[in-house]
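The values are calculated or read from the model by the stated rules, or taken from the named source; none is laboratory data. Computed from a predicted model, the values in this text were never measured in an experiment. Here the Cβ positions follow ideal geometry from the backbone for every residue, glycine too, while neighbour counts run over all protein chains shown.
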């Protein structure tokens, strides 16, 4: 596994070592010891989530506050998405900055977001199956979010605005500057 830290401290892109032959491929999608060696800290995932979405579906930008904050390890099992993390750690030198990476069944990359990041993705293929591990349980009272098209964040979602499908809940999220962190 090759790990590359992004410009947002603590966010890593993970590229697996893939073994291919005429039968197909094999790779280790998760190894706790290797993962913790990369991070330099111990982490225990307690919840796995999976979603299926159609082309243009945008989910996010979501986060959990306080003691319910979540670190996530995300990947795409089928299809292709643009995955986005926004730094919402108020004392961070990259507060308000984001990173976007393409995750797909072809590249098999994973993306690790530590606690303190808003997260979202948009589907770039006909459909996508998205999977993520969380180190804390979801808590409805602690959920927060930021509107996906906040001009101050300036995220290029790589789709025309008229192709984006967003839930009513996500379309009413506040701007970054007015979000309760």
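Some values worked out for this structure:
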quantity	calculated
Residues being farther than 14 Å from residue 29 by Cα, touching a helix residue (DSSP H, G or I) at 6+ places or on another chain (Cβ under 9 Å) and buried (at least 19 other Cβ atoms within 10 Å of the Cβ) - total across region 95-121	3
Which numbered condition residue 54 fails, given (1) loosely packed, with under 13 Cβ neighbours inside 10 Å; (2) under 16 Å from the mean Cα position of the chain (by Cα); (3) closer than 18 Å to residue 159 by Cβ	(2)
Complete set of residues in region 145-164 that are over 15 Å from the mean Cα position of the chain (by Cα) and buried (at least 18 other Cβ atoms within 10 Å of the Cβ)	147, 150, 153
Flag if residue 82 is more than 13 Å from residue 6 (Cβ to Cβ) and within 10 Å of the chain's Cα centre (by Cα)	yes
Exclusive hit being surrounded by 13 or more Cβ atoms within 10 Å (Cβ to Cβ) and either over 14 Å from residue 82 (Cα atoms) or at pLDDT 95 or above (or both), set 172, 131, 167	131
Strands (runs of 3 or more DSSP E) within region 4-122 that include 3 or more residues closer than 14 Å to residue 132 by Cα and modelled with pLDDT under 95	none
Check on residue 156, in a loop (DSSP other than H, G, I, E, B), farther than 18 Å from residue 78 by Cα, in contact with a helix residue (DSSP H, G or I) (Cβ under 6 Å, 6 or more places away or on another chain) and modelled with pLDDT of 95 or more	no
Subset of region 72-92 (residues that are touching a residue at least 60 places away in the same chain (Cβ under 8 Å), surrounded by fewer than 21 Cβ atoms within 10 Å (Cβ to Cβ) and in contact with a strand residue (DSSP E or B) (Cβ under 9 Å, 6 or more places away or on another chain))	82
